[in-house]
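Some notes on the structure that comes next.
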Amino acid sequence: MTERDELLRIRDLTVTFPGRDGGVVILDKVTFDVSGKEIVGLVGESGSGKTMTSLAVMGFLPPSGRIQQGEIWFKGRNLLECSEAEMRKTRGREIAMIFQSTRSALNPLMRVGDQVARVYRIQRGLDAKEAQEKAVAALNRMGIPDAERRARAYPHQLSRGMCQRVLIGMMVACEPALLIADEPTTGLDVTIQAQIFELIKAVQQATGASILLITHDLGVVAETCERVVVMYAGQVMEMAAVEDLFARPRHPYTQRLLSSVLRVDKVIEMPAVDAGLTEDVAYSIAGCRFASRCPRVLPTCWEQTPLGVQIEADHWVTCHNCG
Amino acid sequence: MSVPTSALSTRLSAGAFVQRVGGFSKVLREHRMLLLGLVVLLVVILAATFGPSLLPYGPLKTDPESRLQPPSLAHPMGTDNFGRDVLVRVLYGARLDLRISFLVAFSALIAGTLVGAFSGYYGGIVDDVVMRITDVMQAFPSFVLAMAITAMLGNTIPNVVLAIAFSYSPFFIRLTRGEVLSARELGYAEAARCVGNPEWRVLYLHVLPNCLTPALVQATLCLGWAILNASGLAFLGLGVRPPTPEGGVLVGEGTQFIISGEWWISVFPGAMIVLMAFAFNLIGDSLRDITAQEER
């Protein structure tokens, strides 16, 4: 990869779950970087391993998941070798994550202000009063009007958009260096979605955090991110700067993914729906995982697993047919 | 009435404690059975608390002059074979039974939820062991289990409480375990872990409080059962011992006189036991309906 001040460096991350035929390979040699102060989009269809990747970074893989190989470097430490106590200090203070399930991500029995204040108490060791003041200030920064009063509300008294703002406020309370946002706008209506993305961008600019944005909304990626990582069936297929990827997608999968986006300004042919599920692909370990759906499939694709190839300064492709 | 109100105020939407209390009168209007149960219970509690001091008799004071008298103005529930006033003994008995039942429900609730939460949250071998132990405990009818324990430890009041609470704890363990099992995966638990909370704090601060509703409802039902069990044990001579006035003791003392026509010695304490168990069951059932409605 290019030399930059790398914040997060994932190398050959392979995770399996026990199952038939020796288990399911859920992540297969996932390799990518997130540099300081950039927004990286992680896209791919459901089941492609986006969320698993982020859970692995947080140290939250389900107990049955086994890390076969790989390294996750964060600020010069391999997170996979850190103890639980070290991870606990890292979470919240250095890496934070916004989850998919907006509504249930806040404790229904605790006032939202207290929930944000707790982060300051845990991570900064502030006393209750200071933490409360900081929490109100944080909610204010998240664009919550009348923050002092809202801090005393319970989650069910706030709208979903508000809850998401509180959650983001909670996660960035201690200004983490890396924020993982796993489909942060699922279940929100479109106007609120736009507001939340604006907020995430604003937070990024204010705190200088890097953001790993997991989504399947390519429009959002184009608008928000600087670089994109495309995943399919647990493998990184293509990785490039946003403009580059949208202008010149090299991997057949990326091309199909982009052609499936509906646009108002163009009449396009409806793309053919691909047969089969990505989960089935996870069993066949030899060969390219996209082979069965690929329009440009070669004989070697069935036999040899392609390796990531750098084709331009900041453009990587995992394909036999693109080099 | 702290138990019923707090049971109402838990659960997902339950954050709104204030709204709930405000809506309490509305709930009462919609659930007449709950209202009836609460009124009956309140009357019993007031009578048991203040009643004895309004009467000129002591619970243990014998009066050979007036043995086995039928209900009259001087003795509204008659007197027993030692000339003791039945009403005063019934009221003292109710006081003791209420105290036993609250202690039982409270200790079974605390112990059961803590163990169940721990078991469900950490899972694995701990969970397996705890579940097998509760299986064994539940293999015995709870009354038989309580009987065996009091027979073993000796029948003092604390032992009766301990025995009944112990025999009820599997219900609480299982209920709480099940709730925790699903709640530990929810967003707020993950979010709490995500900002650096250690596991034990995620459990006791974030997960457990959200899992208490079924256990609290169960606790109100246990209040009624505890009264029946405690007086049942006393009736069989395995619980509270005479001459301490307690529902079961009083019924037991009166049985030998029923056949000769002195029915009041057994019937009034029996009616009191039924009344209290009835009130608790009404409250518990209504709370179960209300919380079930909320979940839908």
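The values are calculated or read from the model by the stated rules, or taken from the named source; none is laboratory data. None of the values given here were measured: they were computed from a predicted structure. As a convention, Cβ positions derive from the backbone with ideal geometry for all residues, glycine included, and neighbour counts pool all protein chains shown.
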- Task: Please state which one of B:THR176, B:THR134 is of a type in the set (Val, Ile, Thr) and surrounded by fewer than 22 Cβ atoms within 10 Å (Cβ to Cβ).
- Result: B:THR134
- Note on the structure: Across segment A:226-262, the tally of residues that are buried (at least 24 other Cβ atoms within 10 Å of the Cβ) and assigned to a loop (DSSP other than H, G, I, E, B) stands at 3
- Boolean, A:LEU55 is out of contact with any strand residue (DSSP E or B) (no Cβ under 7 Å at 6 or more places or on another chain) and crowded, with 18+ Cβ neighbours inside 10 Å: yes
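Okay, residues lined up against (1) of a type in the set (Val, Ile, Thr); (2) facing chain B (nearest Cβ under 9 Å); (3) in a helix (DSSP H, G or I); (4) touching a helix residue (DSSP H, G or I) at 6+ places or on another chain (Cβ under 7 Å):
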| position | (1), (2), (3), (4) |
| --- | --- |
| A:ALA85 | no, yes, yes, no |
| A:LYS89 | no, yes, yes, no |
| A:GLN100 | no, yes, no, no |
| A:ALA117 | no, no, yes, yes |
- Message: So for segment B:213-220 (the condition being within 14 Å of chain A (Cβ to nearest Cβ) and either crowded, with 24+ Cβ neighbours inside 10 Å or in contact (Cβ under 8 Å) with a residue 12 or more places away in the chain (or both)), does at least one residue qualify?
- Response: yes
- Item | Test set (1) more than 20 Å from A:GLY234 (Cα to Cα); (2) away from chain B (no Cβ under 14 Å); (3) free of Cβ contacts under 8 Å to residues at least 24 places away in the same chain - A:GLY19 fails condition number | (1)
- Item | segment A:202-222 residues that are without any contact (Cβ under 8 Å) to a residue 40 or more places away in the chain and surrounded by fewer than 22 Cβ atoms within 10 Å (Cβ to Cβ), paired with ones that are charged (D, E, K, R) and not in a strand (DSSP E or B) (beta carbon under 6 Å, 6 or more apart) | A:THR207/A:GLU175
- Could you check A:ILE196 against (1) touching a residue at least 60 places away in the same chain (Cβ under 8 Å); (2) closer than 28 Å to A:GLY47 by Cβ and say which number it fails? (1)
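Quick check on this structure: which one of A:ARG149, A:ARG165 is surrounded by 23 or more Cβ atoms within 10 Å (Cβ to Cβ), assigned to a helix (DSSP H, G or I), charged (D, E, K, R) and on the phi < 0 side of the Ramachandran plot? Don't jump to the end; show me each part of the working.
Details: A:ARG149 fails: surrounded by 23 or more Cβ atoms within 10 Å (Cβ to Cβ).
The match here is A:ARG165.
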- Query: What number of residues in segment B:157-189 are more than 19 Å from B:THR134 (Cβ to Cβ) and modelled with pLDDT of 90 or more?
  - Reply: 5
- Query: Right, B:SER107: buried (at least 24 other Cβ atoms within 10 Å of the Cβ), assigned to a helix (DSSP H, G or I) and touching a residue at least 12 places away in the same chain (Cβ under 8 Å) or not?
  - Reply: no
- Message: Tell me whether segment A:235-246 contains one or more residues that are in contact (Cβ under 8 Å) with a residue 12 or more places away in the chain, of a type in the set (Asp, Glu) and either within 14 Å of chain B (Cβ to nearest Cβ) or touching a Ser or Thr at 6+ places or on another chain (Cβ under 8 Å) (or both).
- Response: yes
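Out of curiosity, is A:VAL112 free of Cβ contacts under 8 Å to residues at least 60 places away in the same chain, under 23 Å from the mean Cα position of the chain (by Cα) and within 10 Å of another protein chain (Cβ to nearest Cβ)? Working first, answer last.
On the way: free of Cβ contacts under 8 Å to residues at least 60 places away in the same chain: yes; under 23 Å from the mean Cα position of the chain (by Cα): no; within 10 Å of another protein chain (Cβ to nearest Cβ): yes.
So A:VAL112 does not fit the description; no.
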- For A:VAL203, indicate whether it is outside any strand (DSSP E or B) and farther than 27 Å from A:CYS319 by Cβ. yes
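Going by what's in this entry, would B:ALA117 be described as modelled with pLDDT under 95, over 25 Å from B:GLU185 (Cβ atoms) and of a type in the set (A, V, I, L, M)? Talk me through it step by step, then tell me what you get.
Details: modelled with pLDDT under 95: yes; over 25 Å from B:GLU185 (Cβ atoms): no; of a type in the set (A, V, I, L, M): yes.
When the stated conditions are applied, B:ALA117 does not pass them.
Let's see how each residue does on (1) without any contact (Cβ under 8 Å) to a residue 40 or more places away in the chain; (2) in contact with a helix residue (DSSP H, G or I) (Cβ under 9 Å, 6 or more places away or on another chain); (3) within 14 Å of chain A (Cβ to nearest Cβ):
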| position | (1), (2), (3) |
| --- | --- |
| B:VAL144 | yes, yes, no |
| B:ILE149 | yes, yes, no |
| B:VAL160 | no, yes, no |
| B:THR176 | no, yes, no |
| B:GLY187 | yes, yes, yes |
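Considering each of A:VAL228, A:VAL220 in turn, give the residue that is under 16 Å from the mean Cα position of the chain (by Cα) and under 28 Å from A:HIS320 (Cβ atoms).
Working: A:VAL220 fails: under 28 Å from A:HIS320 (Cβ atoms).
Within the list A:VAL228, A:VAL220, the selection yields A:VAL228.
Here's the yes/no breakdown for (1) within 14 Å of chain B (Cβ to nearest Cβ); (2) modelled with pLDDT of 90 or more; (3) within 12 Å of the chain's Cα centre (by Cα):
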residue: A:SER35; (1), (2), (3): no, no, no
residue: A:SER46; (1), (2), (3): no, no, no
residue: A:LEU55; (1), (2), (3): yes, no, yes
residue: A:LEU61; (1), (2), (3): yes, no, no
residue: A:SER64; (1), (2), (3): yes, no, no
residue: A:GLN68; (1), (2), (3): no, no, no
residue: A:ILE72; (1), (2), (3): no, yes, no
residue: A:LYS75; (1), (2), (3): no, no, no
- Task: Among the helices (runs of 4 or more DSSP H) lying completely within segment B:199-296, list those that include at least 2 residues that are at pLDDT 90 or above and farther than 24 Å from B:THR156 by Cβ.
- Result: B:213-235, B:264-295
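For every residue, the table says whether it meets (1) within 14 Å of chain B (Cβ to nearest Cβ); (2) on the phi > 0 side of the Ramachandran plot; (3) out of contact with any Asp or Glu (no Cβ under 7 Å at 6 or more places or on another chain).
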{"site": "A:MET170", "(1), (2), (3)": "yes, no, yes"}
{"site": "A:PRO176", "(1), (2), (3)": "yes, no, no"}
{"site": "A:ASP182", "(1), (2), (3)": "yes, no, yes"}
{"site": "A:THR186", "(1), (2), (3)": "yes, no, yes"}
{"site": "A:ASP189", "(1), (2), (3)": "no, no, yes"}
{"site": "A:ALA194", "(1), (2), (3)": "no, no, yes"}
{"site": "A:GLU198", "(1), (2), (3)": "no, no, yes"}
{"site": "A:LYS201", "(1), (2), (3)": "no, no, yes"}
{"site": "A:ALA206", "(1), (2), (3)": "no, no, yes"}
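Give the residue that is nearest to A:VAL116 (Cα to Cα), with candidates limited to residues of segment A:152-162 that are within 11 Å of another protein chain (Cβ to nearest Cβ) and assigned to a helix (DSSP H, G or I).
Of the residues in segment A:152-162, the ones within 11 Å of another protein chain (Cβ to nearest Cβ) are A:152-158.
From the residues that got through so far, the ones that are assigned to a helix (DSSP H, G or I) too are A:155-157.
Values: A:PRO155: 12, A:HIS156: 16, A:GLN157: 16 Å.
Only one residue fits best here, namely A:PRO155.
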